[in-house]
Amino acid sequence: MSGFPILSTMLLVPLVGAVACLKVEAKAARTIALAATLIDFALGVVLWLNYDIGGAQWQFTERAQLFAGFQWALGIDGIALLLIMLSVFLMPICIGASWKSIDKRVGEYMAAFLLMETLMIGVFSAQDLFLFYIFFEAGLIPMYLIIGIWGGADRIYASYKFFLYTLLGSVLMLIAMFWMANEAGTTDIPTLMAYSFPVAAQKWLWLAFFASFAVKMPMWPVHTWLPDAHVQAPTAGSVILAGVLLKMGGYGFIRFSLPMFPEASAQFAWLIFALSMIAVVYTSLVALVQHDMKKLIAYSSVAHMGVVTIGLFAFNRIGLEGTMIVMLSHGLVAGALFLCVGIIYDRLHTREIDRYGGLAINMPRYAVFFMLFTMASIGLPGTSGFVGEFLSLAGVYQISSWVALVCTTGIILGAAYMLYLYRRVIFGVQAHADAAAMPDLDMREILMVVPLGLAVLWMGVYPESFLAPMRKDIATLDARLAQAKPRGDANVKMGPLKVAGAKPAPAVAAEGAK
Amino acid sequence: MDLQHSLWLGAPEELLSVAGLALLMVAAFAGDKASRLISILSVAALTVCAIMVAPELCSGATSPDADAFNGLYRADAFAAFAKLLIYAAAGVTLIVAPSFFDRLKAMRAEFPLLVLFAALGMGLMVSATDLITLYIGLELNSLAAYVLAAFLRVDDRSAEAGLKYFVLGALASGILLFGMSLTYGFTGGTSFVGIRAALTGPMSTGAVFGVVFMLSGLAFKISAAPFHMWTPDVYEGAPTPVTTFFATAPKVAALTLTMRVALEAFGAQVGAWQQIVIFASLLSIVIGALGAIGQANIKRLMAYSSINNIGFMLIGLAAATPRGASGMLVYLAIYVAMSVAGFVTVLLLRDENGDAIEAIADLSGLSKTRPWLALAMASVMFSLAGIPPLFGFWGKFVVFQAAVEAHLVVLAALGIAASVIGAFYYLKVVKVMYFDEAVDKVRGAGELSHTVLLVLSTLVISPLGYLLTRWLGHLADIAAASLFHIA
């Protein structure tokens, strides 16, 4: 595989598809979009199969001096690989979700989505500071159009809010990037990850990056754009927003804030913990009282992202690994939940929870899948949600038992609002005739939810597949953070593993062996 | 430094003068029938001039070899960069103007000549290394510009634009002259080299006033806040091809002139003017952004956008480094491309009678009725807002990078945060075109020349423009180096 520019190809395929979609009518545009996303998914699979676990830190690297001031530098590590996989896995499903529900301006819609895919892969594979920024920011344009053109009633307000909020967060990061490039004399991300910036400056740089990533994440109190954007976006827009775009914030922390400013990260960990604790408890409570299904899931996303951020700033491998799994899991589960909402929205054209009820009777297959994703969102053992949340909370427990305590209540609250949602929509009496007459899943919808369900179970039952590619990169990051690691209050003392016969969870084994 | 050498260096200006005078004769005898021919010949003259100055840029001509007429005039790489942009912008104006004026039966043979003489004046401005040359160039350009603004004599708005431009322009010239006389009085010279030499060490109060007044006069010409008030009225009232011209060529000329005055004549006293530039820069960004929000006319919106963009360019001047100057030149080049794309799109907006559409509300749903035109306009708007991956981002990128390298981090942070306010009104135009219901007012088809210009300029501001960055950055670096050569 060496020599073939597979990452550039993965960027190019959707881009070409996007341009092609602009010129053709609806039916051809759908086919082109599906083909382009499937090709990219196939390339993603090739990428994963050829990824050398435990090999060089940066693989599939490409360098080209195309521009002044920055270069076309691509390359991935295990962390980026998994997030790219998440993106290319969700994209065909998104196209499928829009197959029938989008009937106006299909060509432009598909073009916007394919452009989105290019930019997402670009964000995760960029190895140049400014190339990253360009991909990171450019995503605003297609998302703005997707929300604004194909969104719901209040779409214009939501699109503005989404755009301006995220833009304001990002521009300060750009200034910080200028300063870093000037100080370090390079824009190469791997070099910068090992560069030690003066501690006094780190504080400002960290805050500038925080301004951007916290909005993208989103963290309380700058999360308010998310419920608006989600509710107004079309189904596939919500899937991509929750599935991948939110991960850019977490990826940013893991790629920039932590390795580049370890001391500042340790200094500001209290801030992250405080905001995350508020996010987990507060947004869970807000989710409990929502009448709109999408809004409920949007608030639950904010709560889950709180678990991501505490795991990130746990400064240990178990927490970082947990964070990554929560991100991947949330990408699948939140995406799937939005898809489930979209499926019944297409039938009844309302997201009001009260308009549904008793769907288990007329839509049994739907009820099964919805149950699976609900349980995964709660974090039931056997699903992906459990693995991530367990690792993340176990990691933060080593640093602060209070944070772990407060955030664990989030899981209980999560069970409360998700089960309450499930009860109201799926169980109970069939109060409305139109809801009772809805047909069950058709073939297209089954094809969309089954892969998601399988992935959720795979990650829940055998997370090693997902932990293995990134274990070495997490270890590198952990070693980098060791110099700044704050002392924990829990004083956990891990003894050697005593039972040789029993096979413990792989991540815990790795932590114990350290 | 004999006369022959001087004449050789000043050849582009001489050619433009001769061509202008000769074509004036043609216009006098052949009348308005010949206006198209004169336009074509004028474009040819501009093209020849561009070919003549290009080698100066590529070879990086600097003082003293580039000095002519005993230090009154300098044909260095910096001037060549600016002249190329000016000639290109003037050429675009001449290409788009005939069809616009023909429809109104107002095409006159004087139009291309006025543009030609304005270009001549601007060429002198950017090559000026003496206060006298500076003023002659500036006034030659301004006189032509006043007439151009009022070119549609029967249109009240155009007449009003011309009058406003004239009255306020004369005031600004007066302020500039006052500053020049103070500078002359306190330094004893009019040449930039002499002023620079006299201004080393502590400055007297009078000289500081000279600097302040000169920069105020120049701020008017580049429409930087707080001297921006004329811009929206003139942009709106002037015929659209003339607005295209105002938004591009004079901006390039006045801004490069300001750079030369600030960095060369007052280059030894950066502290004296840096605060003024920072103030004008931030104020322009904010006023340009806030003023644009309420606008309903696309040309007025572009006027506020130009104020906003000038503010960003001034950040590069505030840095007072070669990198800053180079960044400004790159930004200027991109800004010219964005303005051309924007105004050619505006020129293509016509209803079924062929009348111009200027109200933003009439663009509603343009993406459904004219998708490619809407795409071009959206590219211009996102580009002006500086959102990557469009090329407008690169202009902001280079000036902010220069500011950070010059340790003006706070200025850069404030400026870029204020750019988010600006993004709001650019988004508004995109929203009207893409999100609102179609009114289907835009009907008219454009001429081939318009379409070609639009496609070319849109390609430049599209992400493909990034492939130009190395080449553009290299040329801008050469130009900036020649500006700083004396230092």
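Values in this text are rule-based calculations from the coordinates and carry no lab data. Quick caveat: nothing in here was measured; it's all calculated off a predicted structure. Neighbour counts are summed over all protein chains in view; Cβ atoms, including those assigned to glycine, are modelled from backbone coordinates with ideal geometry.
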Rg and Dmax of chain B, using alpha carbons, in Å: what are they? 21.2, 68
Let me have the 222 nm mean residue ellipticity of chain B computed from DSSP H runs of 4+ only, each contributing -39500 (n - 2.57), with the sum over all residues rounded to the nearest 500. -25000 deg cm²/dmol
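Rounded to two decimals, what is Rg over Rh for chain A when you use alpha-carbon atoms and the Kirkwood radius?
Numbers: Rg = 21.8 Å, Rh = 22.9 Å.
Result: Rg/Rh = 0.95.
Find out how many positive minus negative residues lie around A:Leu241, taking Lys and Arg as positive, Asp and Glu as negative, among other residues whose Cβ is under 14 Å from that of A:Leu241.
Working: positive: A:Arg155, A:Lys161, A:Lys216, A:Lys247, A:Lys294, A:Lys295; negative: A:Glu117, A:Asp228.
Computed value for this residue: +4.
Given 4 °C and 1.567 mPa s, how large is the Stokes-Einstein diffusion coefficient of region A:276-514 in µm²/s, with Rh as the Kirkwood radius over Cα pairs? Provide the component values of the computation, followed by the final result.
Working: Rh = 18.8 Å.
Diffusion coefficient, whole number: 69 µm²/s.
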Per residue of A:147-156, what is the mean number of Cβ atoms on other protein chains within 10 angstrom of that residue's Cβ? 2
Yeah, region A:205-297 with a ≥ b ≥ c from its alpha-carbon gyration tensor (a/c under 1.5 is rounded, else prolate when a/b outruns b/c, oblate otherwise) is oblate
10 Å binning of all Cα-Cα separations within region A:267-404, expressed as whole percents from 0 upward: 13, 39, 30, 14, 5, 0
To make sure I understand, if each residue's beta carbon is the centre and we count other beta carbons within 10 Å, what order do B:Phe78, B:Phe343 fall in, fewest to most? B:Phe343, B:Phe78
What's log10 of I(q)/I(0) for the protein assembly as shown at q = 0.06, 0.07, 0.08, 0.09 Å⁻¹, Debye sum over Cα points only, no solvent? -0.48, -0.64, -0.81, -0.97
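From the square roots a ≥ b ≥ c of the eigenvalues of the alpha-carbon gyration tensor of region A:33-192, which class results: rounded (a/c under 1.5), prolate (a/b over b/c), or oblate? If you can, show how the numbers build up before the last one.
Details: a/c = 2.60, a/b = 1.28, b/c = 2.04.
Taking the square roots of the gyration eigenvalues as a ≥ b ≥ c, region A:33-192 is oblate.
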If we count every other residue with Cβ under 14 angstrom of B:Thr62's Cβ, Lys/Arg +1 and Asp/Glu -1, where does the sum land? -4
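In whole percent, what relative contact order does chain A give with Cα contacts below 8 Å and a gap of six or more residues?
Details: 868 pairs, mean separation 74.5, N = 514.
It rounds to 14 percent for chain A.
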Could you give the length gained by full extension between B:Leu171 and B:Thr451, i.e. 0.36 nm per residue of separation minus their alpha carbon distance, to one decimal place? 96.9 nm
From the Cα gyration tensor of region A:152-246, with a ≥ b ≥ c the square roots of its eigenvalues, which class applies: rounded if a/c is under 1.5, or else prolate if a/b is larger than b/c, or else oblate? prolate
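Relative contact order for region B:152-229: what percent, with Cα pairs under 8 Å and sequence separation of 6 or more?
Working: 65 pairs, mean separation 26.6, N = 78.
Relative CO of region B:152-229 lands at 34 percent.
Count charges around B:Pro389 for me, please; just the other residues with Cβ under 15 Å from its Cβ, Lys/Arg as +1, Asp/Glu as -1.
On the way: positive: B:Lys396; negative: A:Glu117, A:Asp128, A:Glu137.
Once all neighbours under 15 Å are counted, the net charge is -2.
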What does the helix-only formula give at 222 nm for chain A: each DSSP H stretch with n ≥ 4 adding -39500 (n - 2.57), the total divided by the residues, and the result rounded to the nearest 500 deg cm²/dmol? -22500 deg cm²/dmol
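Counting other beta carbons within 10 Å of each Cβ, put B:Arg74, B:Arg153, A:Arg355 in order, fewest first.
Numbers: B:Arg74 32, B:Arg153 10, A:Arg355 17.
Sorted ascending by nearby Cβ count, the order is B:Arg153, A:Arg355, B:Arg74.
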Quick calc: nm separation of the 7 Å Cα→Cβ label points for A:Ile53 and A:Glu25 -> 5.0 nm
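Looking at region A:3-109, which trypsin sites (Lys or Arg not before Pro) are DSSP coil and have at most 10 other C-beta atoms within 10 Å of their C-beta?
Numbers: sites: A:Lys23, A:Lys27, A:Arg30, A:Arg63, A:Lys100, A:Lys104, A:Arg105; in loops: A:Lys100, A:Lys104, A:Arg105.
The qualifying sites are A:Lys104.
Quick one: work out Rg over Rh on the C-alpha atoms of region B:359-470, Rh as Kirkwood radius.
On the way: Rg = 16.5 Å, Rh = 15.5 Å.
Using only Cα positions, Rg/Rh for region B:359-470 is 1.06.
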q = 0.16, 0.22, 0.27, 0.34 Å⁻¹: log10 I(q)/I(0) that the Debye formula gives for region A:180-219, counting C-alpha atoms only: -0.47, -0.79, -0.95, -1.06
Between B:Arg470 and A:His291, how high is the FRET efficiency from 1/(1 + (r/R0)^6) when r is the Cβ-Cβ distance and R₀ = 60 Å? Nearest 0.05. 0.60
The exposure ranking of A:Arg471, A:Arg365, A:Arg347, fewest beta-carbon neighbours within 10 Å first, is A:Arg365, A:Arg347, A:Arg471
For region A:268-332 versus region A:154-172, the gap between their alpha-carbon centres in whole angstrom: 21 Å
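Tell me, what is a quarter of the convex hull surface for the C-alpha atoms of region A:367-484, in nm² with one decimal? Before the final figure, lay out the partial values.
Details: hull surface 39.2 nm².
Average projection, Cα convex hull of region A:367-484: 9.8 nm².
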